[in-house]
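Enquirer: Mind looking over this structure? Questions follow.
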Amino acid sequence: MFKRISNSIIGLVIGMLLASCGGGGTQVSEGGIGGTGISSGSVTAFGSIWVNGVEFSTSGAKVIEEDDEAGAITLNSIESDDTTELAAYLSEGMVVTVVGTINDDGVTGVAETISYEDILEGPVVGTPGAGATSFVALGQTVNVSNTTIYDDGLTGIGDIADGQVVEISGFRETNGEIQAAYIEKKEDTYQPADKFEIKGVASVNSQYELQIGGLRISTSGIGQDITSFDGQFIEAKGTFNGSDLLTALENVELEDESFDESNPELEGYKAEVEGLASTACGATAPCTFELSGVTVQVETTTTYEGTASAVSGILVGVKLEVEGEIQNGKLIAESIEFE
């Protein structure tokens with residue numbers, strides 16, 4: 001299974017794509033959503049790859065792997081749309097970012113690169129009771145639903161037990177809890193010397209440690225100044241004490257929840273983003289809100305699908321899928337689906 005990659009590597013891949021195109025991002029085509037673009041969301045099917053309702057051909061695509069220790073980048077070539085080949089790197093439920101093209105029909109495209117984002121890899125603390133809808137891992141409350149995908153020996157929350165090491169991909173809720181889209185068991189029993197990782201918005205606590213949910217993160221052993229990380233989305237890696245403390249083994253790094261829509265190289269790109277709204281929009285358009293770290297602007301021309309049919313339905317914690325174009329550092333919503 002390949003590893004989570006940082007947004008800086010996504011930026012590198014975008015630069016490679018721009019170079020191959022000989023210039024800036026392709027502008028929106030007449031009559032559809034077509035153009036060079038980015039799609040960020042959970043994998044819903046294979047045989048090619050389906051993300052946000054778009055079937056991307058993977059023949060000739062690259063799956064990106066980052067070496068955790070050395071930071072080296074490996075581009076794994078995919079030779080076809082064969083499900084078996086894709087399953088060597090990806091699983092349904094994983095939250096991925098696809099960079100490529102989206103055709104004018106809005107439902108097919110061609111993937112240039114595919115990268116995977118997890119939220120944490122670490123031990124479960126406590127065994128969920130019968131009928132539970134959540135559990136704790138690395139000090140984080142992880143919520144499951146009937147759409148959560150389980151992998152590698154897990155068939156449901158009833159298979160999750162204290163001390164197991166799990167990898168989780170999904171979305172952060174506004175209260176800091178995780179809505180799991182994908183859960184994979186990595187080990188039956190964790191070892192205290194193992195290195196684990198977590199991503200989330202951190203605060204600096206009274207002990208001059210970083211805090212993400214119920215997890216304290218100590219950087220005293222590496223002497224890193226953490227003042228600038230207060231309120232920022234970060235990634236930390238280190239050993240776990242089995243309760244509530246991660247001791248950092250390497251420098252904590254700033255991360256992005258999704259792609260960086262303010263990157264001028266993305267101007268004119270088509271984009272599709274799935275996630276939980278972290279702010280509301282307002283009673284009437286135009287207005288803006290945050291979705292998976294991306295600033296979305298709703299216009300009077302934006303259309304709606306699903307359980308709500310107006311901008312007033314964009315509330316904190318609502319799961320949405322937004323399609324549009326990046327303009328002036330924002331994702332201008334052409335359509336919003338309430339999931």
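Enquirer: Please specify each residue of segment 205-240 satisfying the condition of being without any contact (Cβ under 8 Å) to a residue 60 or more places away in the chain, under 24 Å from the mean Cα position of the chain (by Cα) and assigned to a strand (DSSP E or B).
Expert: Within segment 205-240, 210, 211, 217, 234, 236, 238, 239 qualify.
Enquirer: Among the candidates 181, 248, which residue alone is surrounded by 15 or more Cβ atoms within 10 Å (Cβ to Cβ), under 30 Å from residue 331 (Cα atoms) and at pLDDT 95 or above?
Expert: On the way: 248 fails: under 30 Å from residue 331 (Cα atoms).
So the residue among 181, 248 that is surrounded by 15 or more Cβ atoms within 10 Å (Cβ to Cβ), under 30 Å from residue 331 (Cα atoms) and at pLDDT 95 or above is 181.
Enquirer: Moving on. Could you tell me which numbered condition residue 288 fails, if it satisfies all but one of (1) within 20 Å of residue 208 (Cα to Cα); (2) among the polar types (S, T, N, Q); (3) not in a loop (DSSP other than H, G, I, E, B)?
Expert: Condition (1) is where residue 288 drops out.
Enquirer: If you don't mind, another one. For segment 149-178, which positions are within 18 Å of residue 317 (Cβ to Cβ) and either modelled with pLDDT of 95 or more or not basic (Lys, Arg) (or both)?
Expert: Going residue by residue through segment 149-178, those that are within 18 Å of residue 317 (Cβ to Cβ) are 170-178.
Across segment 149-178, the qualifying residues are 170, 171, 173, 174, 175, 176, 177, 178.
Enquirer: Would you point out which residue out of 132, 111 is more than 14 Å from the chain's Cα centre (by Cα) and under 19 Å from residue 258 (Cβ atoms)? Please lay out each step first, then the result.
Expert: Working: 132 fails: under 19 Å from residue 258 (Cβ atoms).
One residue alone meets the criteria, 111.
Enquirer: Please verify whether residue 157 is among the β-branched types (Val, Ile, Thr), within 30 Å of residue 57 (Cα to Cα), buried (at least 18 other Cβ atoms within 10 Å of the Cβ) and not assigned by TED's automatic domain parsing to the domain that holds residue 48, treating the condition exactly as stated. Before you say what the answer is, go through the steps one by one.
Expert: Working: among the β-branched types (Val, Ile, Thr): yes; within 30 Å of residue 57 (Cα to Cα): no; buried (at least 18 other Cβ atoms within 10 Å of the Cβ): yes; not assigned by TED's automatic domain parsing to the domain that holds residue 48: yes.
So residue 157 does not fit the description; no.
Enquirer: Among the residues of segment 306-337, how many are part of a strand (DSSP E or B), closer than 18 Å to residue 39 by Cα and either touching a Pro at 6+ places or on another chain (Cβ under 7 Å) or not basic (Lys, Arg) (or both)? It would help to see each step written out before you state the result.
Expert: Applying the first criterion (part of a strand (DSSP E or B)) to segment 306-337 yields 306, 319-327, 330-337.
Now restrict to residues that are closer than 18 Å to residue 39 by Cα: 319-327, 330-337.
With the extra rule that they be either touching a Pro at 6+ places or on another chain (Cβ under 7 Å) or not basic (Lys, Arg) (or both), the set shrinks to 320-327, 331-337.
Residues in segment 306-337 being part of a strand (DSSP E or B), closer than 18 Å to residue 39 by Cα and either touching a Pro at 6+ places or on another chain (Cβ under 7 Å) or not basic (Lys, Arg) (or both): 15 in total.
Enquirer: Which residues, counting only those in segment 35-54, are over 16 Å from residue 80 (Cβ atoms), modelled with pLDDT of 90 or more, among the hydroxyl-bearing types (Ser, Thr, Tyr) and surrounded by 21 or more Cβ atoms within 10 Å (Cβ to Cβ)?
Expert: 39, 40, 42
Enquirer: Within the bounds of segment 135-142, is there any residue that is more than 19 Å from the chain's Cα centre (by Cα), on the phi < 0 side of the Ramachandran plot and not in a loop (DSSP other than H, G, I, E, B)?
Expert: There is at least one residue in segment 135-142 that is more than 19 Å from the chain's Cα centre (by Cα), on the phi < 0 side of the Ramachandran plot and not in a loop (DSSP other than H, G, I, E, B).
The values are calculated or read from the model by the stated rules, or taken from the named source; none is laboratory data. Everything numeric in this text was worked out from a predicted model, so none of it was measured. When we count neighbours, we look across all protein chains shown, and the Cβ atoms used for this are built from the backbone with ideal geometry, even at glycine.
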